[in-house]
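Undergrad: Below is the structure I would like to discuss, written out as structure tokens.
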Amino acid sequence: MAEKVSQRAAGGRESVENRVRVVIAEDSVLLREGLTRLLTDRGHAVVAGVGDAKALVKTITELNAADELPDVVVADVRMPPTHTDEGVRAAVELRKAHPGLGVLVLSQYVEERYATELLAASSRGVGYLLKDRVADVREFVDAVVRVAQGGTALDPEVVAQLLGRSRKQDVLSGLTPREREVLGLMAEGRTNSAVAKQLVVSDGAVEKHVSNIFMKLGLTPSDGDHRRVLAVLTYLNS
């Protein structure tokens, strides 16, 4: 369970973040150590670091057996031995075995098939970011925490490509251009307030758009808090 910690952020600013336990799977030792440093400097616990998918699955299995399952795994899409899809395959396997485990995958390029496969296997606690996004430390750490807490974190480039594909599909044809824009930002894992700030509109306007999106996608109030996740999945899988 994530716990609250208070720490001094870079530049002397105070910040309060949810402390999460992380396992990192990345074959580049330099990047793995860099990610570890980014997270530990902000009060999070990196409980293990591995260099291939087989070691990742073994580590998670052992931690689970010891009742020490981490909150989130950060894994490269491509890892040894073939450097094709070992990382995302392991991520999908782990989510099926441990539904409560958050999974955030990193990729050098937007690989739409891997992104949709991961999202199809999970409705909550998933993320897909380009490695370049790690350069924005706050954005990366926020994404790790959000996924650990059951949210989503999708790279804007991934969303843009999926949006381009989804425009050809009928399922979203009833949405207005603004509603598509709001749904795209929701798919990145943004809250209503964050969407409002991005679009320079009021929170009330965003809430109205979100309500219209739910209605047009046939998501009733009985779906509860999962409506947001279902809307995003409908968008990404369309």
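Undergrad: Consider Thr59 carefully, then state whether it is over 22 Å from Val134 (Cα atoms) and either touching a Gly at 6+ places or on another chain (Cβ under 7 Å) or of a type in the set (Ser, Thr, Tyr) (or both). Reasoning before the result, please.
TA: Details: over 22 Å from Val134 (Cα atoms): yes; either touching a Gly at 6+ places or on another chain (Cβ under 7 Å) or of a type in the set (Ser, Thr, Tyr) (or both): yes.
Answer is yes for this residue.
Undergrad: What residue, of Arg138, Arg167, is open to solvent by 50 Å² or more (accessible area, probe 1.4 Å) and at pLDDT below 85? Before the answer, list the steps.
TA: Values: Arg138 fails: at pLDDT below 85.
That would be Arg167, the only listed residue that is open to solvent by 50 Å² or more (accessible area, probe 1.4 Å) and at pLDDT below 85.
Undergrad: Can you work out which of the residues in segment 186-201 that are in contact (Cβ under 8 Å) with a residue 24 or more places away in the chain and assigned to a helix (DSSP H, G or I) is surrounded by the fewest Cβ atoms within 10 Å (Cβ to Cβ)?
TA: Initial filter on segment 186-201 (in contact (Cβ under 8 Å) with a residue 24 or more places away in the chain): 186-189.
Filter again for assigned to a helix (DSSP H, G or I), leaving 186-187.
Values: Met186: 25, Ala187: 22.
It comes out as Ala187.
Undergrad: Let me ask another. Here is a list: Asp27, Asp41. Which entry is farther than 18 Å from Asp71 by Cβ, out of contact with any helix residue (DSSP H, G or I) (no Cβ under 7 Å at 6 or more places or on another chain) and either among the acidic types (Asp, Glu) or modelled with pLDDT of 95 or more (or both)? Talk me through it step by step, then tell me what you get.
TA: Working: Asp41 fails: farther than 18 Å from Asp71 by Cβ.
Every option except Asp27 fails the conditions.
Undergrad: I've got another one for you. Out of segment 202-238, which residues are modelled with pLDDT of 80 or more, open to solvent by less than 50 Å² (accessible area, probe 1.4 Å) and assigned to a loop (DSSP other than H, G, I, E, B)?
TA: In the first step, residues of segment 202-238 are kept if they are modelled with pLDDT of 80 or more; the result is 202-217.
Subsequent filtering for residues that are open to solvent by less than 50 Å² (accessible area, probe 1.4 Å) retains 204-206, 209-210, 212-214, 217.
Correct list: Leu217 only.
Undergrad: Scan the strands (runs of 3 or more DSSP E) fully inside segment 35-126 and keep the ones with 3 or more residues being more than 14 Å from Ala148 (Cα to Cα).
TA: Details: elements: 45-50, 72-76, 102-107.
Because the criterion is at least 3 residues that are more than 14 Å from Ala148 (Cα to Cα), the strands (runs of 3 or more DSSP E) in segment 35-126 that meet it are 45-50.
Undergrad: Take Asp71 and decide whether it is of a type outside the set (Gly, Ala, Ser), in contact (Cβ under 8 Å) with a residue 60 or more places away in the chain and open to solvent by 20 Å² or more (accessible area, probe 1.4 Å).
TA: Numbers: of a type outside the set (Gly, Ala, Ser): yes; in contact (Cβ under 8 Å) with a residue 60 or more places away in the chain: yes; open to solvent by 20 Å² or more (accessible area, probe 1.4 Å): yes.
Considered against the rule, which asks whether it is of a type outside the set (Gly, Ala, Ser), in contact (Cβ under 8 Å) with a residue 60 or more places away in the chain and open to solvent by 20 Å² or more (accessible area, probe 1.4 Å), Asp71 comes out as yes.
Undergrad: Pick out the one residue from Gly125, Gly174, Gly151, Gly100 that is at positive phi and at pLDDT 80 or above.
TA: Working: Gly174 fails: at positive phi; Gly151 fails: at positive phi; Gly100 fails: at positive phi.
Step by step, each of Gly125, Gly174, Gly151, Gly100 is checked, and only Gly125 is at positive phi and at pLDDT 80 or above.
Undergrad: Does Leu94 fit the bill of being hydrophobic (A, V, I, L, M, F, W, C) and either farther than 20 Å from Val232 by Cα or touching a Cys at 6+ places or on another chain (Cβ under 7 Å) (or both)?
TA: For Leu94, the condition - hydrophobic (A, V, I, L, M, F, W, C) and either farther than 20 Å from Val232 by Cα or touching a Cys at 6+ places or on another chain (Cβ under 7 Å) (or both) - is met.
The values are calculated or read from the model by the stated rules, or taken from the named source; none is laboratory data. Computed from a predicted model, the values in this text were never measured in an experiment. Neighbour counts are summed over all protein chains in view; Cβ atoms, including those assigned to glycine, are modelled from backbone coordinates with ideal geometry. Each accessible area value is taken on the protein alone, full model and side chains, heavy atoms only, with ligands, DNA and RNA left out. Shrake-Rupley method; radii C 1.70, N 1.55, O 1.52, S 1.80 Å.
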